[in-house]
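In what follows, a structure is listed as structure tokens, so that the remarks can point back to it.
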Amino acid sequence: MKLLVTGGAGFIGSAVIRHIVKNTTDEVVNLDKLTYAGNLENLADVTCSQRYRFEQADICDGPELDSVFRQHQPDVIIHLAAETHVDRSIEGPSAFIKTNIVGTYTLLEAARHYWQSMATNDRKRFRFVHVSTDEVYGDLRHPTANTEIEETRISSQTAKNLGAHLPLFTEHTAYAPSSPYSASKASSDHLVRAWHRTFGLPVVITNCSNNYGPYQFPEKLIPLMILNALEGKTLPIYGKGEQIRDWLYVEDHVRALYQVISKGRIGDTYNIGGHNEKQNIEVVHTICSLLDEMAPEKPKGLAHYRDLITHIKDRPGHDLRYAIDARKIQRDLGWKPDETFESGLRKTVRWYLANRLWCRRVQNNAYQHEPQGSSL
């Protein structure tokens, strides 16, 4: 099987490619524009493989996509190329509209024409796997959103603190995106479903919770907190830090995606979650405790890493809670996460401690990609 991964130099995309090369006999083509968050260094372990190829291309460039399809003739498309940072989407929505909506449309059209040109047996094997986010469902605590959410008992300490029964996102939850980012991803999901229903393109959609792990770009919460703490910088927390997210270790997500590729039913949606609901402030406190243990030589004058925590004004439209019901993928495809939040976060902190030079290099590269006058 030959897979084409869009956004394959990014955080999740590179994890997908490393998994394919190291754990399967499949071939993989990495298609990436190499914007600020795309880094081929993420793939240093596999670039020498004869089963790996790289194509630098923009998913908004239809002729270039057509050329890549003709040259490599993939059996599966794993669509991960996207702008993903909520703060950036608030500061500059246009890039999110272009990449996440127009780019997905352009890729769908290229994939459709390629699929329609395939021999009958090859067409039966073809899959377009669209990787999306739980943020399309909106805020679980919003009074006007998600009226069809199933009430499900969950056992996390957070749930016990908040009440015995809390709603979870299911595959049937109505969309109610809050930010330009989540709205653009919701739009792309709708396009994928439309191309399936109207043209018959064989698609599968996944919606995942917050990913974390090695190689994540340092603008995201967990790597930002780790690196700021090590440098003695403030740890900025929106509001009181009471926002709740379901945390999914990236390698668990990758295993789920491969199950979807291998066994997922055409036209279906699969929610992928880590079963780890945590408040943001709880996540940051845990990071600080791990750093107290694993990096005891602190910046001068600092007694505890948590002393760096600073509460700042909340961002506009900030959703309070996301939580995934992942029972469908467990029941139908046999997947469940291997990592607890504690084990996954310990691995993550250890990786960032061992890869400080990687962090500096990707941050410097990001500044080179930034338009003049903008900021991280």
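What follows is calculated from the coordinates using simple rules that are stated; it is not laboratory data. Every value quoted in this text rests on a predicted model; they were computed, and no experiment measured them. Backbone-built Cβ (ideal geometry, glycine too); neighbour counts: all protein chains shown.
Taking Cα atoms only, the orientation of helix 280-294 departs from the longest principal axis of the chain by about 70 degrees. Entry note, region 187-296: relative contact order of 37 percent, from Cα contacts under 8 Å with a spacing of 6+ residues. In this simple spin-label approximation, Gln56 and Asn121 carry label points 7 Å from Cα along the Cα→Cβ vector, and these lie 3.9 nm apart. The C-alpha atoms of the chain define a longest principal axis, and helix 11-23 lies at about 60 degrees to it. Electrostatic bookkeeping for Lys347 treats Lys and Arg as +1 and Asp and Glu as -1; over the other residues with beta carbon under 13 Å from its beta carbon, the sum is -3.
Computed from Cα atoms, the angle from the helix 104-116 axis to the main principal axis of the chain rounds to 30 degrees. Computed from the alpha carbon positions, the gyration tensor of region 1-55 leads to an equivalent ellipsoid with semi-axes of 17, 11, 9 Å, biggest first. Label positions at Arg346 and Leu227, each projected 7 Å from the Cα along the C-beta direction, are separated by 2.5 nm. GNM remark for the chain: springs join alpha carbons under 10 Å apart, and the peak mean-square fluctuation among Ile312, Ile101, Ile20 falls on Ile312.
Considering only DSSP beta bridges where both residues belong to region 2-369, give the percentage that are antiparallel (nearest 5). Approximately 15 percent, going by the DSSP bridge assignments.
Database remark: amide H of Asn207 closer than 5 angstrom to the amide H of Ser132, Tyr270, Asn271, Ile272 (H placed geometrically; neighbours at sequence offset of 5 or more, or on other chains; Pro and chain starts carry no H).
Would you mind computing Rg(Cα) / (2.2 N^0.38 Å) for region 191-294, counting N as its residues? Present the calculation step by step, with values, prior to reporting the outcome.
On the way: Rg = 17.7 Å, N = 104, 2.2 N^0.38 = 12.8 Å.
Cα Rg divided by the expected 2.2 N^0.38 Å: 1.38.
Computed from phi, the 3J(HN,Hα) profile of region 203-209 under the Karplus parametrisation 6.51, -1.76, 1.60 (θ = phi - 60°) reads 10, 9, 10, 10, 10, 10, 8 Hz, with x in place of Gly and Pro.
Only helical runs count toward this figure. For the chain, summing -39,500 (n - 2.57) over DSSP H runs of n ≥ 4 and dividing by all residues gives -12000 deg cm²/dmol at 222 nm.
Cross-link partners of Lys22 among aspartates and glutamates, defined as those whose alpha carbon lies under 17 angstrom from its own and excluding same-chain residues fewer than eight positions apart: Glu41, Asp45, Glu251, Asp252. Ordering Ile205, Ala119, Asn23 by the projection of their Cα atoms onto the charge dipole of region 2-369, which places +1 on the Cβ of Lys and Arg and -1 on the Cβ of Asp and Glu, puts Asn23 at the extreme positive end.
With all pairs of different alpha carbon atoms counted, what Kirkwood hydrodynamic radius in Å does region 267-342 show?
Values: mean 1/r = 0.0633 Å⁻¹.
Hydrodynamic radius (Kirkwood, Cα pairs) of region 267-342 is 15.8 Å.
Counting only aspartates and glutamates at least 8 places from Lys33 when in the same chain, those with an alpha carbon closer than 12 Å to its own are Glu55, Asp58, Asp61, Glu64, Glu83. Cα-based radius of gyration for region 34-94, normalised by 2.2 N^0.38 Å, reads 1.37. The slack in the chain from Ala354 to Met294, taken as 0.36 nm per residue of separation less the alpha-carbon distance, amounts to 20.5 nm.
Would you mind checking the pairs Lys220/Lys328; Lys98/Lys124; Lys300/Lys347; Lys2/Lys124 and listing those with alpha carbons more than 20 angstrom apart? Listed pairs above 20 Å: Lys220/Lys328; Lys98/Lys124; Lys300/Lys347.
Report, in cubic angstrom per residue, the convex hull volume of the C-alpha atoms of the chain. Let's see the in-between values first.
Numbers: hull volume 52.6 nm³, N = 376.
Cα convex hull per residue, to the nearest whole number: 140 Å³.
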